[in-house]
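Heads up, the thing below is written out as structure tokens.
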Amino acid sequence: MNTRHLTKTLSATVVAIALAGGANAVSAKDKHKDDTYTLQGECAQLPADRTTEFHGNPMTSNLNLAMAGNQWVVFDHFMQAFNEYRYARGEEGIDLTAIGNQTRTFAGLQNKGADYFIELIPPGTERDQIKSGCMLLGNEDDRNFLPTSIQVDFDLFTSTNYNVMRDLAKSGFVTEAVPYIRNQLTLMTDETNSSGIGTTPDETIDATLDLLDPNIRVSEVDHINEGIHSGINAMYQRMDEYTRLNGSPAEVAALDAALAAVIKPQDGSPAATRTGITTNFNLDENPACHYTGNASTKIPDGTLRLCEFAILNKANTHETRVHHVETPSRIVAGDSDVGPVWVSELQLAVNNEDPVSGYQPIDAVNVPVVYSVAFLATMSNKHKRLARWWYEFLLSPEGQQIYTDGGFSALTGSEKGERYSFDNDGKLVIEQFTP
């Protein structure tokens, strides 16, 4: 496989990864003595209140993980089990009590078993951090003239989006991505679905119209800082198309009327009140919210389309900043009727005995998401062994069981991985394979 030369200005040893066969990590110095790579772009940015999704200390870690954020619902259990896996493999001195919320001491933070740095945030933000080498926290405060920053070389990265993996591959950070688990969106409701989201005769059409109903209060995610928003937007678009192709003339007319009512932000809506962003909430002018080039479905170009911005234009919508905390709490409190979340987040709420339920849109509009994992070229030599063990545990039956117990779904066996290389013209070559 052709590999792209990477450049780096930091003094850490560079590692090139070949996953095939046994996920063996090979020092770049062993292969190309002149290989270096350059960190590129502006630092990633994250509000300071999202630091609850940061775990460990990158200055003392032996494993650095950049994880797609919605895995937080299982990750304490997963890392506890991984510590037990390390112990079972004969590694000495593992603190099996290191994971969890508890009183801490300086000595305890140095123990094996606490020697990780983990981020559980949107993968697009992590991609920007990997490429730039830096993350700014709390930069929205004018007083923060020298923003708090985290500078870390990650060992492994997981994403729900192969486009993010491909972008890293183009910059030389990834050579292979392997699928390992699936997840899916759901519409969280109260325990009895008292608002009747997604009821007969056609559940998908009913749910589509319910989301736009002025009497239904939606808890909608932050379209700037919540990575889940892109998947939700795609589901909404497919729900609209399904309704137009399968609904009665009266149902299609009702959809058109509901969209016309929110073509621009209503007074008091999140779109009308949020500041400091450049989003165009006019549905007529936002490409995500009308049809273009859909000759195959015979839906006329320019037809308004359900999208996340239509929901944000509703006066009674609440826009979350941390959706997996706010949406369940608002539904339990009776402040919202419905909100999109991951099935795994609904499962966590049910496990916590919250009085919530969910309407699961059909796969045709709610396409399952496949998570993939990749070793990164930024991995240090001293992390190679632990990174390989962690990767093996992730793919093991025990690791997979932790995920499925948390509401994720197992792979079907048809999911493809991707290998990345470059042709003679420097263009990215993508080879799909079955792991």
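The values are calculated or read from the model by the stated rules, or taken from the named source; none is laboratory data. In this text, all values refer to a predicted model and were calculated from it rather than measured experimentally. Note: ideal-geometry Cβ built from the backbone for every residue, glycine included; neighbour counts use all protein chains shown. What goes into the accessible areas is simple: the full protein's heavy atoms, side chains included, and nothing from ligands, DNA or RNA. Shrake-Rupley method; radii C 1.70, N 1.55, O 1.52, S 1.80 Å.
Using C-alpha pairs under 8 Å with a sequence gap of at least 6, the mean separation divided by the residue count of the chain gives a relative contact order of 24 percent. The GluC sites (Glu not before Pro) of the range 318-420 that meet both conditions, a loop assignment by DSSP and at most 14 other Cβ atoms within 10 Å of the site Cβ, are Glu353.
Using a probe of 1.4 Å on the protein chains alone, the accessible area found for Asp354 is around 60 Å². Normalised Debye scattering of the range 219-275 at q = 0.21, 0.23 Å⁻¹ gives log10 I(q)/I(0) of -0.97, -1.04, counting only Cα atoms as equal scatterers and leaving out solvent. Each principal axis of the range 127-170 carries a Cα extent, and these read 37, 18, 17 Å when sorted largest first. The distance separating the Cα centre of the range 187-205 from that of the range 116-179 comes to 37 Å. In percent, rounded to a whole number, the relative contact order of the range 120-188 is 27, using alpha-carbon pairs under 8 Å and six or more apart. The slack in the chain from Ala88 to Asp202, taken as 0.36 nm per residue of separation less the alpha-carbon distance, amounts to 35.9 nm.
Each label was represented as a point 7 Å from its Cα along the Cα-to-Cβ direction; for Asn316 and Asn351 these points are 3.3 nm apart. In this Cβ point-charge picture (+1 for Lys and Arg, -1 for Asp and Glu), the chain has a dipole of about 1680 debye about its Cα centre.
With both labels modelled 7 Å from their Cα along Cα-to-Cβ, the Gln40 to Arg104 distance reads 3.5 nm. Label sites at Ala333 and Ile224, each approximated as a point 7 angstrom past Cα along Cα to Cβ, lie 2.2 nm apart. Here the convex hull built on the C-alpha positions of the range 240-389 has a volume of 209 cubic angstrom per residue.
For the range 307-422, the direction-averaged projected area of the alpha-carbon convex hull comes to 11.4 nm². Peptide packing for 88-98, 151-161 was compared via the average number of neighbouring C-beta atoms within 10 Å per residue; ordered from the highest value, the list is 151-161, 88-98. One equal scatterer on each Cα of the chain, no solvent, Debye formula: the resulting log10 I(q)/I(0) at q = 0.06, 0.09, 0.14 Å⁻¹ is -0.28, -0.63, -1.36.
Residue separation of Thr192 and Asp49 scaled by 0.36 nm, minus their Cα-Cα distance, works out to 48.2 nm of gained length. Per-peptide packing, taken as the mean over residues of other Cβ atoms within 10 Å, places 275-288, 358-371, 100-113, 250-263 in the sequence 358-371, 250-263, 275-288, 100-113 from highest down.
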